[in-house]
Amino acid sequence: MAQDLKYAFRILFKHPLVTAVAVLTLALGIGANTAIFSVLNAVVLRPLPYGDPDRLVMLWETIAGNDKRSVAPGNYNDWRAQNNSFSEMAGMFCGNFNLTGDGEPERVNGSTVTSNLMSTLGVSAQLGRTFQSEDDHHQDRPLVIIGDALWHRRFGADKAIVGRTIAIDESSYTVVGVMPPGFNYPVLSDVWVLGRDRTAVSMSLISQFPQNDWTHERDAHFINVVGRLKPGVTLAQAQSDIAGISRRLEHEFPDTNAGLGSNVISLHTQIVGNVKSLLSILLGAVAFVLVIACTNVASLLFARATQRDREFAIRRAVGASRWRLVRQLLTESIVLSLAGGVAGLALSVEAVDLFIKLSPGDIPRLSEASVDLRLLGFTFLVSMLTGIAFGLWPALHATSGSLNQSLKDAGSKASEGKRRRRSRNVLIVTELALAQVLLIGAGLLIMSYVRVSRIDPGFNSDHVLSAKIAPSASKYPNAKSRIQFYSRVLEQLRTLPGVSSVGMVMNLPLSGSGMNRGFKVEGRPDPKPDEKVAMDYQVVSHDYFSTLEIPIVRGRGFTVDDNENAARVIVINEAMAKQFWPNDDPVGKRMAIGDSSKDSSWRTIVGIVGDVRHASLTEEPVPFAFIDYRQDLESWSRMAFVIKTSTDTASMTSAVRSSLLSVDPQQPVYAIEPMNKLLGNSVAPRRFVMSLIGGLALVALMLAIVGIYSVISFSVSERTREIGIRMALGAKRSDVLRMILGQGMRVSALGIVIGLAIALGLTRWLRSLLFEVSATDPKTFVLVAMMVSLVGLMACYLPARRATRVDPLVALRDE
């Protein structure tokens, strides 16, 4: 083996250009595979960073059309008290908090949690402690745990932070602990606030329920529940246990629990389930690139083995066995592959960084991607298998055949044999077929992206800047105080130079956030408990529609006169009008939001506005109702502002921030960004996947072009004598061109046909990523086939044209 290695290095250094090309080709293939595996390892394969993570599950309520519905507080309490499958069950509610003091006011992600959340997850604080059950009995002492990132960013990693008081929503909270780096469950939280009465509820939701009664609420669903299974309890047993409790609750509380079921899934599946299929698709795509890279290198080795025919013949003549020669050639291949693996590993580190930068941010645990022993082992294994894969076939072909014939043919440039030509043709077919599969997949994704980009969102985002603000509940405790605050903010923004219009809305379009509410229509019977009569509910200012140029289809929008003293009015969208008033004009009709139907709760429908895409561009508009914020009895604690400018939005960012802070410097302003960015973010996941698959397809196509060209070019050089004889016997240059081109295109056509067949079977895995495009879209298949045919023609034409320049006298003299 030492002798084989020594000779392998001599051979590789003797042909530095061939070696460099092979190593670079392999680095692309192995590096791409290593990069995607690094992400797959971090996101899917690596265990969750919690104690005994396989026993952690998420629990959801289910209702028709939704199998992951948040849980009502009363149902959560009963699940926790009556189950026999869980050692612990914790609840949480995700939200945002205003953090003031110690610098500029800041809006941070956070969660209101039960005291046993951290113990359920099996994690401890790196500094101080986590919540304990005794903390539930000290409601006069609000407690908070902060994350490592916030601790470093805002408090300078001060170890004296434990026991210190900080201001959250202008209330004093005592810091009891700091979580370790990387812990941000759930949803990138920076702070964890202890909930009341062992149930996780936000202050804004508590205010909606009667005092001391909200913990038994069953009609509001907002709690996320995580549980730890008892040792030996399976997921199926836990599902059966919780389902039995849900059935009992359905019979006991038919008004609120009719049709409610339960769903228990592993925490790992909950976190990574949505991206596992995407990463699997990407891993398959890079595997295709690696196979194409292998065929390219195999082509190089075929060519080099042909040039070494005399060496192999002499070795066999003096007693070398076929296995001895194969071992030598495989050693050379593996050394070459390992060199490509080392270069690929270095390339993958940069590729992962680029992957993270380009990611739309919806891939969980992506920041954990790093080089570890598993990744090193994967790279080594792929390198070894790759070396064997591309080296074995050329080695077997180079050492086969009759010894006498090998000695006779060695060193000559006779016409290549059928066996060798067939082997090279197989390589061309493989490269073209696999490259075409990737190109078809990229083509389908590009067509989907184009169609999504052309969807009308229902509003005009040009020259519109958005900003959010959330006044604290302690400083603005009721609807009246918040309405006054929002009015001052709107007036302040309207005075800014360059601002032509200002609107306000509870949840921005394409944000996916909303408030689903039931409603009643005057003159119609009350809906049955299992009848879905609901809409999404938005609070806006009177000039919101005009600022975003949302059209008034019928009736009118809100005016300055629709204030708190005016008659209650409401505006609905077209989707709501079509669904609930299909054969009638709803303008002038009255409806009540929620279950209340008192005289003061009826609102008159004064107008219908155009549909706005709210969840995403690809989801159809749902029924929406809008009310003026001055007539909102709840007046939500956070609002978003849309500012129409006559100048560039980037130049207005600082002025808008200063203007908002001037109203109340203690209320943080956040998420100031152009609406065009929001629109771009809505298609970012599709753009990300399209870019990755498209980039891989482009690399595959370039490798295929190089591979086809090199194979045919070498074939032409091997057939110099044949071509010389043909031309000496009267063949014209056009005849030679047609012969070489025809042979190359016949092989290319076979590769294209096989590629189409493979694509027909594989593109169905892309269905979840496509929009209004069939996985077998004939237009895409035909266009890609035409493009690959053209590419194959160009790759065959260049060496064919060179063949026509062969001088028969020179060719025969050289032989």
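The values are calculated or read from the model by the stated rules, or taken from the named source; none is laboratory data. Treat the numbers as computed from the prediction; the structure is a model and nothing was measured. Every residue, glycine as well, gets a Cβ built from its backbone with ideal geometry; the counts of neighbours run over all protein chains shown. For accessibility, only protein heavy atoms count, side chains too; no ligands or nucleic acids. Shrake-Rupley method; radii C 1.70, N 1.55, O 1.52, S 1.80 Å.
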- Only residues that are part of a strand (DSSP E or B) and surrounded by fewer than 19 Cβ atoms within 10 Å (Cβ to Cβ): list them for the range 502-517, please. MET515, ASN516, ARG517
- Message: Here's a check for you: in the range 372-427, which residue that is of a type in the set (D, E, K, R) and part of a loop (DSSP other than H, G, I, E, B) is modelled with the lowest pLDDT?
- Response: LYS413
- Item | Subset tally (residues that are modelled with pLDDT under 90 and open to solvent by 20 Å² or more (accessible area, probe 1.4 Å)) for the range 623-633 | 1
- Query: Is it fair to say GLU549 is out of contact with any Leu (no Cβ under 7 Å at 6 or more places or on another chain) and closer than 30 Å to SER171 by Cβ?
  - Reply: no
- Top-ranked residue of the range 229-268 - restricted to ones that are assigned to a helix (DSSP H, G or I) and of a type in the set (D, E, K, R), ranked as least open to solvent (accessible area, probe 1.4 Å): ASP241
- Task: Pairs only if they're at least six apart or on different chains, beta carbon under 6 angstrom, first in the range 88-108 and closer than 15 Å to ILE168 by Cα and outside any strand (DSSP E or B), second open to solvent by less than 30 Å² (accessible area, probe 1.4 Å) and of a type outside the set (A, V, I, L, M, F, W, C); list them, first residue then second.
- Result: PRO105/PRO668
- Message: So, in the range 580-596, exactly how many residues are out of contact with any helix residue (DSSP H, G or I) (no Cβ under 8 Å at 6 or more places or on another chain) and surrounded by 14 or more Cβ atoms within 10 Å (Cβ to Cβ)?
- Response: 6
- Take the range 535-591 and flag every residue that is of a type in the set (S, T, N, Q) and in contact with a Phe, Trp or Tyr (Cβ under 7 Å, 6 or more places away or on another chain). GLN538, SER541, ASN573
- Task: Select from the range 345-392 the residues that are within 30 Å of ASN184 (Cβ to Cβ), of a type in the set (Val, Ile, Thr) and more than 16 Å from the chain's Cα centre (by Cα) and list them in ascending order.
- Result: VAL349, VAL371, THR379
- Take the residues in the range 309-323 that are open to solvent by 20 Å² or more (accessible area, probe 1.4 Å) and touching a helix residue (DSSP H, G or I) at 6+ places or on another chain (Cβ under 7 Å), then tell me which one is nearest to SER333 (Cα to Cα). ASP309
- Item | Residue list for the range 744-802, restricted to those being among the hydroxyl-bearing types (Ser, Thr, Tyr) and either under 13 Å from GLY441 (Cα atoms) or outside any helix (DSSP H, G or I) (or both) | THR763, SER768, SER774, THR776, THR780
- Taking strands (runs of 3 or more DSSP E) that do not extend beyond the range 556-660, which have at least 3 residues that are more than 18 Å from VAL533 (Cα to Cα) and of a type in the set (Phe, Trp, Tyr)? none
- Criterion (farther than 30 Å from ASP219 by Cα and buried (at least 23 other Cβ atoms within 10 Å of the Cβ)) met by exactly one of ALA72, ALA22, ALA27, ALA8: ALA22
- Subset of the range 109-119 [touching a residue at least 40 places away in the same chain (Cβ under 8 Å) and either open to solvent by 40 Å² or more (accessible area, probe 1.4 Å) or part of a strand (DSSP E or B) (or both)]: ASN109, GLY110, SER111, THR112, VAL113
- If we keep only residues of the range 700-720 that are closer than 21 Å to ALA285 by Cβ and either in contact with a helix residue (DSSP H, G or I) (Cβ under 6 Å, 6 or more places away or on another chain) or hydroxyl-bearing (Ser, Thr, Tyr) (or both), then the residue most open to solvent (accessible area, probe 1.4 Å) is ILE705
- Item | Which listed residue is in contact with a Leu (Cβ under 6 Å, 6 or more places away or on another chain), modelled with pLDDT under 90 and at negative phi, from SER651, SER596, SER682, SER637 | SER682
- Query: Residues in the range 449-466: is at least one closer than 24 Å to SER659 by Cα, touching an Asp or Glu at 6+ places or on another chain (Cβ under 7 Å) and open to solvent by less than 10 Å² (accessible area, probe 1.4 Å)?
  - Reply: yes
- Name the residues in the range 728-760 that are open to solvent by less than 30 Å² (accessible area, probe 1.4 Å) and touching a residue at least 24 places away in the same chain (Cβ under 8 Å), would you? VAL736, ILE740, GLY744, VAL747, SER748, GLY751, ILE752, GLY755, ALA759
- Message: If ALA298 meets every condition in (1) surrounded by fewer than 19 Cβ atoms within 10 Å (Cβ to Cβ); (2) in contact (Cβ under 8 Å) with a residue 60 or more places away in the chain; (3) part of a helix (DSSP H, G or I); (4) not hydroxyl-bearing (Ser, Thr, Tyr) apart from one, which number is that one?
- Response: (1)
- Message: Of the conditions (1) in contact with a Ser or Thr (Cβ under 9 Å, 6 or more places away or on another chain); (2) at negative phi; (3) at pLDDT below 90, GLY512 satisfies every one except a single condition; which number is it?
- Response: (2)
- Item | Residue check for GLY163: at pLDDT 90 or above and over 35 Å from the mean Cα position of the chain (by Cα) | yes
- Residue count, the range 360-396 (criterion: open to solvent by less than 40 Å² (accessible area, probe 1.4 Å) and farther than 25 Å from VAL39 by Cβ): 4
- Can you pull out the residues in the range 766-807 that are charged (D, E, K, R) and under 34 Å from the mean Cα position of the chain (by Cα)? ARG767, GLU772, ASP777, LYS779
- Query: Within the range 141-195, which residues are part of a helix (DSSP H, G or I), open to solvent by 40 Å² or more (accessible area, probe 1.4 Å) and under 19 Å from PRO364 (Cα atoms)?
  - Reply: ALA149
